[in-house]
Amino acid sequence: MDRQLKNALRADLLARRKALDAHGKAVSDELIGRRVLAWCLAHGIASIGGYHPIRKEPDLLAAYNALAARGVHLSLPIVTNKDSPLEFRRWLPGEALSKDALGTLVPGEEAPVVQPQALLVPCVGFNAAGMRLGYGGGFYDRTLAGPHRPLAVGVCYAFGLVEFAAERHDMPLDLVLTDAIE
């Protein structure tokens, strides 16, 4: 897909996400969180890499709390270099986070680096083939292309299902969980 078209699609989806009203977003976030929790429990997930929401991404804190209460080990991503895969550091809800150079909240340097069994991958959009449209930095693609690929579960609002062609470097998701009524 032409990069200009992909950028236009990304801008449209981000504008739609920004326009979500607080109540509707909270309802959608809660539904997505319940689906995340159910999927993790059904698949025996013992460790999961989450994300701290930015730019009105689905907020999964309630799901993180429920997973932690059930003994699931949580971690959050760290950008170590603009051309490297993400690194995941152990984290428990309520632990202090600090802002990195990109303004994202991350665990401190003292938090151990871990290899999660599964990742919750925030999506700007996704297509029917399970390909993700992100912010364009390629961090998750590099992470999923690595030698120890975790399960990749996309997290997105249902309106993010759009048509686009994957590029050679794009890595597929194993599943996408949304707020769609089933």
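The values are calculated or read from the model by the stated rules, or taken from the named source; none is laboratory data. It should be emphasised that the depicted structure is a prediction, and the values quoted were computed from it without experimental measurement. Ligands, DNA and RNA are excluded from the accessible area calculation, which covers all protein heavy atoms including side chains. Shrake-Rupley method; radii C 1.70, N 1.55, O 1.52, S 1.80 Å.
The figures follow:
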item	result
Square roots of five times the Cα gyration tensor eigenvalues for the chain, Å	23, 20, 16
Set of lysines with alpha-carbon distance to Lys82 below 25 Å, sequence-local pairs under 8 removed	Lys6, Lys56, Lys99
Asp100, Asp59, Asp29, reordered so the largest accessible area comes first (probe 1.4 Å)	Asp59, Asp100, Asp29
For the chain, built as a Gaussian network whose Cα springs stay under 10 Å, the top-fluctuating residue of Val124, Val162, Val153	Val162
Accessible surface of region 87-134 [probe 1.4 Å, protein heavy atoms]: carbon and sulfur percent	54 percent
Area of His148 that stays accessible when all protein chains are in place (1.4 Å probe, Å², to 10)	140 Å²
For region 1-130, accessible area per residue (1.4 Å probe, heavy atoms of protein chains only), Å²	52 Å²
Computed helical MRE - 222 nm, the chain, DSSP H runs ≥ 4 contributing -39500 (n - 2.57), nearest 500	-9000 deg cm²/dmol
Global form of region 1-93, assessed from the alpha-carbon gyration tensor, a/c cut-off 1.5	oblate
Rounded to the nearest 10 Å², the accessible area of Cys156 at probe 1.4 Å	0 Å²
